[in-house]
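Here the structure is laid out as structure tokens; the discussion comes afterwards.
The values are calculated or read from the model by the stated rules, or taken from the named source; none is laboratory data. Predicted model, so just to flag it, every value in this text is computed and none were measured. Quick reminder, even Gly has a Cβ in these numbers, built from the backbone with ideal geometry, and neighbours come from all protein chains shown. Heavy atoms of the whole protein, side chains included, go into the accessibility calculation; ligands, DNA and RNA do not. Shrake-Rupley method; radii C 1.70, N 1.55, O 1.52, S 1.80 Å.
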Amino acid sequence: MLDDRAKTLLKTLVERYIAEGQPVGSRTLSRASGLELSPATIRNVMADLEELGLIASPHTSAGRVPTARGYRVFVDTMLTARPVDLNPNEPGMRSMHEQLQPDQPQRVIAHAAQLLSSLSHFVGVVTAPRKSSVFHHIEFLRLGERRVLVILVAPDGDVQNRVVFTARDHTQSELIEASNYLNAHYSGLTIEAVRERLKTEIDALRGEIATLMQAAVQLGTAAGAEEGDQVVISGERNLLTVQDLSSDMGSLRKLFEMFEQKTELMRLLDVSSRAAGVRIYIGGESQVAPFEELSVVSAPYEVNGKVVGTVGVIGPTRMAYDRMIQIVDITSRLVTQALSQK
């Protein structure tokens, strides 16, 4: 627990370092904090904060800089959200309001990623909307002994298929009977709804129908995962101009590999989509982007009241968190509005 004096000095130090990018010394803290403390007293408090792992002293300077843990304490307990002057006539924001249509989700998320990057001057990331797979029509075709082709047709005409192996051989007439039953009882339901119904109805279904239904659910789930496994990234080159990051080419190389592969980034954004409001990951907290000098600010967005994706900013730990929170929050609302129009 920090006393009020330590909190004030830590808050002042973090704000000055974010604004100026230079280690903060005792004299600067004495003037900027408004506390009537001697330089010796301030140095003692700084030593305590350093012992707690909240600040560190670079080898080349007598001043202190925040650590990832210090930023976390600052964000959680000291951050004062101020209104951010985001010009509604800025081209990116105007296009989000006026030009984008809900039937153009790829264009919406591309513009959103660019908007996040241009407003933050860091990296903007947006995941594509996850579509709910819906059973429209199911067919089963016998391919040979104990081999069945499952064909799943979505309402938009998209077709998914997969070969499954059954416990026993089925005649084509049995497969037609099964597909007729399933189309009559499950057509129009989402994969999630079908899965929930199967939990209670599995015992009542005939064995072969239950097996085929489970295969169809797995096919629909896999198809939905493939559709949602997309992330749009904008502004990666902005990180090359960030002094805190550009000095370590090894970390930069790993970071760009993450952007290129996208799998780990998708894991982080998927976790963010399951939380309400803006989430902030500082340093290695995310376990996905394990860079002490990196932070991620993200928020979920919705389509017609349902969370379907995530928007976010990736940048250095030395960022104006109050501004990033506002940028991410506003962009998530704009994406929600653009995709939820009727």
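Quick notes on this structure:
- First in the stretch 147-175 and closer than 18 Å to residue 190 by Cβ, second anywhere and open to solvent by less than 60 Å² (accessible area, probe 1.4 Å) and in a loop (DSSP other than H, G, I, E, B), Cβ under 6 Å, 6 or more apart: none
- Residue within the stretch 225-243 that is within 21 Å of the chain's Cα centre (by Cα), at pLDDT 75 or above, surrounded by fewer than 16 Cβ atoms within 10 Å (Cβ to Cβ) and part of a helix (DSSP H, G or I) present: yes
- Failed condition for residue 271, given (1) touching a residue at least 24 places away in the same chain (Cβ under 8 Å); (2) more than 18 Å from residue 110 (Cα to Cα): (1)
Here is a yes/no grid of residues against (1) outside any loop (DSSP other than H, G, I, E, B); (2) of a type in the set (Lys, Arg); (3) open to solvent by less than 60 Å² (accessible area, probe 1.4 Å); (4) over 25 Å from residue 21 (Cα atoms):
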| site | (1), (2), (3), (4) |
| --- | --- |
| 250 | yes, no, yes, no |
| 264 | yes, no, no, yes |
| 268 | yes, no, yes, yes |
| 275 | no, no, yes, yes |
| 280 | yes, no, yes, no |
| 297 | yes, no, yes, no |
| 300 | yes, no, yes, yes |
| 309 | yes, no, yes, yes |
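- Residue in the stretch 152-163 that is assigned to a helix (DSSP H, G or I), in contact with a Ser or Thr (Cβ under 8 Å, 6 or more places away or on another chain) and open to solvent by 20 Å² or more (accessible area, probe 1.4 Å) present: no
- Selection of first residues in the stretch 30-55 that are of a type in the set (D, E, K, R) and of second residues that are surrounded by 13 or more Cβ atoms within 10 Å (Cβ to Cβ), restricted to Cβ pairs under 6 Å at least 6 apart or on distinct chains, gives the following pairs, ordered by first then second residue: 43/26.
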